[in-house]
Structures are given as C-alpha cells and as structure tokens.
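Values in this text are rule-based calculations from the coordinates and carry no lab data. Nothing here was measured: the structure is a model prediction, and the numbers come from that model. Please note: Cβ atoms are built from the backbone with ideal geometry, for glycine as well, and neighbour counts cover all protein chains shown.
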Amino acid sequence: MKTTRIFTLFALLLVVTGMTTLTSCKKMLPEQVTVSGQVTHEDGQPFEGVCVGLHNNPSVSGWQSVGKWYTDENGYYEIVFEPDSPSASYSLTFEYKTEDYRYSYDCYVSIWKAKQKIDVVLKRWD
C-alpha cells in the first residue's frame, strides 16, 4: 500500500513537472513568426511568381499545408504565422513550374526566432 502511494505521488510529480515545462516553453515561443526574403534566378535577377508554401508537422501524422504565398515582381515574399506548439516543425517550399522546366527548393523554419530572413536562389531542374 505504501509503495503504491509513493508510486502515485511520483507519477503525479512527473505529470506536473512535464506540464510546467511545456507551459514554460510556450511562454518562450514568439506569438508570431515573420519569415521574409527574396527569391532570385541563378543570374541574380528577381524571380516573380514563385509559390512559397508553409507546412507544419505537429505530430507523426505528416506534413500539413498552412498556406501559400507568391513572390512579387521584385522576388520578395513575407509570411506571418502563429506557431502551434514548441514541438511543431515548419518548412518552406519554393516552387515554380513551366511547361519545360521545374524550379524547387525546401528548407526548415525556426519557430524560436520572431523574425527571419531566408533568401533563395532557385535553380532549374532539367
């Protein structure tokens, strides 16, 4: 009986400690994350009309689309989002397709930095 009580108290302590740690992590997480940058061709010219997709992976269920944005005439984009949780992973995909060519690039986004600049040079896939 005494062993059961000690085990129950220990388990309760672990749960409370885990919840406190998660709450502390959420408080450290920025309310909004801004990711911006410029997409250019290999020759340095701005790349207009590139689809920039934001995806998250909140669990083992797989990547989910958060939204899509497009670069302007100067190749610039800006994405503002609210992170789901401290354990979620986020990635950006940059894609542009023509009838003959495909351009693409993927990268991860840190949800611990409130503002980030990610510039990309898209290269053609033949």
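Mind giving me the nanometre distance, one decimal, between the label points for residue 34 and residue 93, set 7 Å out from Cα along Cα→Cβ?
Here the answer is 2.7 nm between the modelled labels.
What ranking, highest mean first, results for peptides 41-50, 79-88 when packing means the other Cβ atoms within 10 Å averaged over each residue?
In descending order of packing, they fall as 79-88, 41-50.
Given labels modelled 7 Å from the Cα in the Cβ direction, how far is it in nm from residue 66 to residue 81?
In this crude spin-label approximation the distance works out to 0.3 nm.
Give me the extension gain from residue 100 to residue 48: residue separation times 0.36 nm, minus the current Cα-Cα distance, reported in nm with one decimal.
Fully extending the segment from residue 100 to residue 48 adds 17.0 nm.
Compute the signed sum of charges (Lys and Arg +1, Asp and Glu -1) over the other residues within less than 15 Å, Cβ to Cβ, of residue 63.
-2
Residue 74 versus residue 115, label points 7 Å from Cα toward the beta carbon: distance in nm?
Rounded to a tenth, the inter-label distance reads 1.6 nm.
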